[in-house]
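J.: Before we start, here is the structure in question, set down as structure tokens.
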Amino acid sequence: MKRTLFLLTLVIIISGCKDKGKFAVNGVIKDSKEKYIYLNRLDVDTPVLIDSAKISRKGSFRIRVKATGPEFYQLGFSSTNFITLLTEPGEQINLLFNGKTLYENYIVKGSAGSLKLQILDLTLAETKRKLDSLSAIYSKASTETGFDVKGPSLETEFNELIKAQRKKNIEFIINNINSLASIKALYQRINPETYVLFDQHDLQYLKIVTDSLTRHYPNSKQVQALARDFEKEMNQMYVAKIGQIAKNLPQTKLDPDLKNIDGKRIALSSLKGKYVLLTFWSVQSKDCIEENLQLKEFYKLYNKKGFEIYQINLDENESNWKAAVKFDELPWISTREDDPKDLKNAVLFNVKSLPANYLFDKESKIIASNIHGRELQLKFDQLFNK
């Protein structure tokens, strides 16, 4: 009977959201003691209050919001009692809340993105309940006899649950690659310290989602933040890889001797007598691409005055490297590590982030490192425009 009243209420409320520049949220909250409900837009990860609505005596409310594209919102009473919506312009979202804690028991209709988010939340919540139950059993068993047998079995069961949740999130991402909901699947956590996608190889899903959503929603703040995070993660991966290699690497002379894009081996020391900027970069880094375009201008100005660039690429994919060099028409010496899984030169030069660079004088001595933009321009002006 109550469900029928809920549906009738929604019919009585103005139906349809004909204005494609807006979306509407119509809801009913059973047995609510709250007087108002609040809608916050998520600007990346910061909630910004957009609107509020008074809750009627029958528990109903309605909110209409201007919108230009898909966005994440938090709808609720407080920072701990809310649900997350993924809305589209033109949607009319109908909600029914059945408990004081909004996110535990609600029905959502009229918003495909919001339904996807609910599925993600419910799936993870179920896994967390199972993990909490196992943890309690494990804690109790640790004080009893036979724990040497039961303990490892419980640990295996615990780890299998985490693996199963990771698999579900990966499947969700693959099946919803063009939806902003996939962003949430990337960042869900088992606990404050552990992401569902915890494996280093999961970085590939971050890239897949970033590439797909950037094509579909290039102006979305969420997608732009995702792209920045991907670049940050790539840098951290390179740093970790370099640090691992450095542990067992013998001391070697700082003189890269690598093959250029045509397969010709060129040593850095062969450029003695010129000012040389040694740079490390990746096709995946937007900062590197932007700096390359600036370096082209410097190269045009100073190459005939005795300036050269020796660039080392750190990407594993050789085709991507060659394509980027040709597409941006990079005129200098472009090389890559002989073994892209063994970044020896990056280790030797203690590369911590990309882009990185070292400036050598005519005697092959380092006179500056990691200078970019305006600082690099001033240095060139000092060297070549005396």
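J.: Can you figure out the FRET efficiency of LEU122 with VAL48, using R₀ = 25 Å and their beta-carbon distance, to the nearest 0.05?
T.: That pair, LEU122 with VAL48, gives E of 0.40.
J.: With a 10 Å Cβ neighbour count serving as the proxy for reagent exposure, in which order, fewest first, do PHE230, PHE384 appear?
T.: Arranged by neighbour count, lowest to highest, PHE230, PHE384 become PHE384, PHE230.
J.: Could you sort the peptides 267-277, 322-332 by per-residue average Cβ neighbour count (10 Å cutoff), highest mean leading? Write out the running numbers ahead of the final one.
T.: Details: 267-277: 17.1, 322-332: 14.8.
Result, highest mean first: 267-277, 322-332.
J.: Same structure again: Working out 0.36 nm times the residue gap between ASP361 and LYS130, then minus their Cα-Cα distance, what length gain in nm do you get to one decimal?
T.: Details: separation 231, 0.36 × 231 = 83.16 nm, distance 6.28 nm.
Between ASP361 and LYS130, full extension yields 76.9 nm more.
J.: Once the Cβ-Cβ distance between LYS326 and GLU290 is put in as r, and R0 is 22 Å, what FRET efficiency do you end up with, to the nearest 0.05?
T.: Efficiency at R0 = 22 Å is approximately 0.75.
J.: In the chain, if the dipole is taken from +1 on Lys/Arg beta carbons and -1 on Asp/Glu beta carbons about the Cα centre, which of ASN313, ILE190, ASN105 is farthest to the positive end?
T.: Final value for the positive-end residue is ASN105.
J.: What pairs from LYS163/LYS232; LYS30/LYS66; LYS272/LYS300; LYS54/LYS221; LYS128/LYS207; LYS163/LYS341 go past 23 Å between their alpha carbons?
T.: LYS163/LYS232; LYS30/LYS66; LYS54/LYS221; LYS128/LYS207; LYS163/LYS341
J.: Counting Lys and Arg as +1 and Asp and Glu as -1, what is the net charge of the other residues whose Cβ lies under 13 Å from the Cβ of PHE307?
T.: +3
J.: When only C-alpha pairs under 8 Å and at least 6 residues apart count, what is the relative contact order of the stretch 257-384, in percent?
T.: Here the relative contact order equals 34 percent.
J.: A further question follows. Between HIS201 and LEU378, what FRET efficiency follows from the Cβ-Cβ distance if R0 is 30 Å, with the result rounded to 0.05?
T.: 0.10
J.: Loop only per DSSP, at most 11 neighbouring Cβ atoms within 10 Å: give me the chymotrypsin sites (Phe, Trp or Tyr not before Pro) in the stretch 157-229, ordered by residue number. Display every interim value, and only then the final one.
T.: Working: sites: PHE158, PHE172, TYR187, TYR195, PHE198, TYR205; in loops: PHE198.
The qualifying sites: there are none.
J.: While we're on this one: Can you name the helices of the chain, as whole DSSP H runs, whose Cα span along the helix axis is 30 Å or more and whose Kyte-Doolittle mean is not below -1.0?
T.: Going by DSSP H runs, the hits are 112-141, 147-175, 221-246.
J.: Is the C-alpha gyration tensor of the stretch 117-216 telling us rounded, prolate or oblate? Criteria: a/c under 1.5 is rounded; beyond that, a/b larger than b/c is prolate, otherwise oblate.
T.: prolate
J.: What size of dipole, in debye to the nearest 20, comes out for the chain about its Cα centre when the only charges are +1 on Lys and Arg C-beta atoms and -1 on Asp and Glu C-beta atoms?
T.: Dipole size: approximately 1300 debye.
J.: Compare the Cα positions of TYR358, SER334, ALA136 along the charge dipole of the chain (+1 at Cβ of Lys, Arg; -1 at Cβ of Asp, Glu; about the Cα centre) and return the one farthest towards the positive end.
T.: Ranked along the dipole, the leading option is ALA136.
J.: For the chain, calculate the relative contact order in percent as a whole number, restricting contacts to Cα pairs under 8 Å that are 6 or more residues apart. Mind dumping the intermediate values first?
T.: Working: 565 pairs, mean separation 40.7, N = 386.
The value is 11 percent.
J.: Next up: Mind running the shape call on the stretch 274-386? Use the C-alpha gyration tensor, a ≥ b ≥ c as the square roots of the eigenvalues: rounded below 1.5 for a/c, prolate if a/b tops b/c, oblate otherwise.
T.: prolate
J.: In nm, give the distance between the simple-model label positions of GLU316 and ILE162, each being 7 Å from the Cα along the Cα-to-Cβ direction.
T.: Rounded to a tenth, the inter-label distance reads 2.3 nm.
Values quoted throughout were computed directly from the atomic coordinates according to the rules given, and no laboratory measurement underlies them. These numbers were taken from a predicted model, which means no experiment stands behind them. Note that we place each Cβ from the backbone using ideal geometry, even for glycine, and neighbour counts take in every protein chain shown.
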